[in-house]
Every structure is written in C-alpha cells, then in structure tokens.
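In what follows, a structure is listed as structure tokens, so that the remarks can point back to it.
Just so it is clear, none of the values below were taken in a lab; they were calculated from the coordinates. Here the structure is a predicted model, which means the values were calculated and not measured. Because the Cβ atoms are built from the backbone with ideal geometry, glycine has one as well, and the counts that use them run over all protein chains shown.
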C-alpha cells in the first residue's frame with residue numbers, strides 16, 4: 001500500500017486537466033447508495049477517487065466509478081451498473097467491483113476481500129473455480145498511477 005503512489009497519480013491528473021474528463025466529486029450519500037447496491041463497503045484510495053473524480057477518463061484510460069444513483073439504467077464508466085450487470089451475466093463474485101475493461105476480454109476489479117483492495121484480473125466466461133485472479137496492482141493507487149503514466 002502506498003499513499004505516495006495514489007497522491008502522485010492524483011496530482012498528475014489535476015496538473016494535466018486537459019487530458020482528463022471526469023464527472024466530478026461524488027457525495028457521501030451517493031457513495032453509500034452505491035455501497036448498498038453492491039453490498040461492498042468501499043475503502044482506501046478508491047473512496048478518495050470517488051470523492052475527488054467520481055468516474056471518467058484520463059486520455060484513453062477509462063476508470064470506472066460512480067455516475068449517478070440509477071444503477072440499473074446506466075453505462076460505462078459506471079462501476080456500480082457494470083458490476084451489477086456482470087454479477088447477473090457472468091457470475092462476477094460479490095467481493096469484486098469492476099473498475100476497468102481492458103478491451104481484450106479481461107476486467108480489472110478491486111477485490112474487497114482485504115482492507116486495501118488489490119486490483120485483480122477477472123476473465124468472464126471462465127468458471128469461478130478456474131479463475132486465477134492475477135494481481136494487476138497491489139492497490140488502487142499503484143493501478144491509477146500506472147494508467148496515468150501510460151497516458152503521459
């Protein structure tokens with residue numbers, strides 16, 4: 001866990017506003033509604049991301065978050081809508097929250113089975129007992145910084 005990597009990513013995003021398009025700060029009330037809908041208590045750097053940026057993209061890198069409170073009729077980059085959809089369609093485990101689509105079939109998810117969730121790979125279509133859950137980043141801060149640096 002590295003607060004420094006998250007803060008570096010956040011600063012780079014804020015200092016390069018022309019590369020970003022985010023919905024903006026999400027309220028505590030909206031975050032609570034999203035937690036209720038997903039049955040996940042958001043923690044760590046991701047919560048700060050939601051309160052600061054909400055959801056959106058930095059260059060071509062789209063990071064899923066919270067758009068609004070209609071979790072049934074939304075679209076990407078709405079992490080709540082996408083997670084709930086994937087739970088129904090491909091049996092996404094309840095501890096995972098989709099935050100990124102690679103475009104190659106893999107989904108990157110926060111694994112909320114630990115205090116500061118790892119970013120893990122989930123491959124739709126593979127049975128849950130066959131999933132490897134490869135760790136993509138040890139935390140959201142490392143993941144976000146990597147995406148931001150790719151764009152810069």
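Peptide packing for 61-67, 136-142 was compared via the average number of neighbouring C-beta atoms within 10 Å per residue; ordered from the highest value, the list is 61-67, 136-142.
With respect to the chain, whose longest principal axis is taken over its alpha-carbon atoms, helix 3-15 is tilted by about 60°.
The overall shape of the stretch 88-132, judged from the alpha-carbon gyration tensor, is oblate: a/c is not under 1.5, and a/b is no greater than b/c. Round to the nearest 10 and give me the degree value, 0 to 90, for the angle of helix 79-90's Cα axis relative to the longest principal axis of the chain. The two axes meet at around 20 degrees.
Taking only the Cα atoms of the stretch 18-148, the radius of gyration and Dmax are 13.5, 43 Å. Under the criterion of Cα pairs below 8 Å and six or more residues apart, the relative contact order for the chain equals 24 percent. Between helix 140-151 and the chain there is an angle of about 60 degrees, using the helix long axis and the longest principal axis of the Cα atoms.
For the stretch 97-152 versus the stretch 1-59, the inter-centroid distance based on Cα atoms is 16 Å.
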